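The values are calculated or read from the model by the stated rules, or taken from the named source; none is laboratory data. No experiment lies behind these values; they were computed from the predicted model shown. Because the Cβ atoms are built from the backbone with ideal geometry, glycine has one as well, and the counts that use them run over all protein chains shown. Just so you know, the surface numbers come from the protein's heavy atoms only, side chains and all, with ligands and any DNA or RNA stripped out. Shrake-Rupley method; radii C 1.70, N 1.55, O 1.52, S 1.80 Å.
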Amino acid sequence: MSDIKSLTKKIKQFRDERDWKQFHNHKDLAVALVLEAAELLEHFQWKNLQEADQHAQENKQAISDELADIAMYLLELADNLRVDLSKAIEQKLKKNTIKYPVEKAKGKHTKYNNL
Ligand SMILES: [Mg+2]
């Protein structure tokens, strides 16, 4: 069983033991995912790159917790929507490889339509 499938199973078990499926609809999972991403952003808000790097080193556990919150909602939402996240990532990487060919995109932050 892939890591994603195994983790999704554990997340669903946690949810179901608490009878929370009733609250975890697509809309609210998407909202929760973005709110957790905002909690991650709070760690870096108003800091310059050096301060953000220092903060990340000193708050690795708290940042790790936020990343886990984001990932858990992502995995649960993908499962609810019957999206195979491994496949979706593989497919999106293929699309991005075409959008951003190495010879055009290397070392540039330009959006694909301006390459
Ligand atoms: Mg959080």
So, in Å, what gap is there between the alpha-carbon centers of the range 84-115 and the range 4-23? 32 Å
Count neighbours as other Cβ atoms within 10 Å of each site's Cβ, and list the chymotrypsin sites (Phe, Trp or Tyr not before Pro) in the range 23-115 that are DSSP loop with at most 12 such neighbours. PHE23, TRP46
Pairwise label distance in nanometres, GLU103 with VAL31, each label 7 Å out on the Cα-Cβ vector: 4.9 nm
Of all stretches in the chain that avoid trypsin sites (Lys or Arg not before Pro) placed in a DSSP loop and having at most 14 other Cβ atoms within 10 Å, the longest is 48-81
Using a probe radius of 1.4 Å on heavy atoms only, what accessible surface per residue do you get for the chain? Whole Å² is fine. 81 Å²
Per its Cα gyration tensor (rounded if a/c is under 1.5, else prolate when a/b beats b/c, else oblate), the chain is best filed as oblate
At a 1.4 Å probe radius, carbon and sulfur cover how many percent of the accessible area of the chain? 57 percent
I need the shape label for the range 65-110. Rule: rounded when a/c is under 1.5, else prolate if a/b > b/c, else oblate, with a, b, c from the alpha carbon gyration tensor. oblate
Distance check, please: which entries in LYS27/LYS95; LYS47/LYS108; LYS5/LYS104; LYS5/LYS95; LYS5/LYS108; LYS12/LYS111 exceed 30 angstrom between their Cα atoms? LYS5/LYS104; LYS5/LYS108; LYS12/LYS111
Debye, to nearest 20: dipole size of the range 3-83, +1 on Lys, Arg Cβ, -1 on Asp, Glu Cβ: 480 debye
The relative contact order of the chain, taking Cα pairs under 8 Å that sit 6 or more residues apart, comes to a percentage of 31 percent
Please list THR97, THR110, THR8 from largest to smallest accessible area, probe radius 1.4 Å, with all protein chains kept in place. THR97, THR110, THR8
Among SER64, VAL102, LEU85 the positive-end extreme of the charge dipole of the range 55-115 (Cβ point charges): VAL102
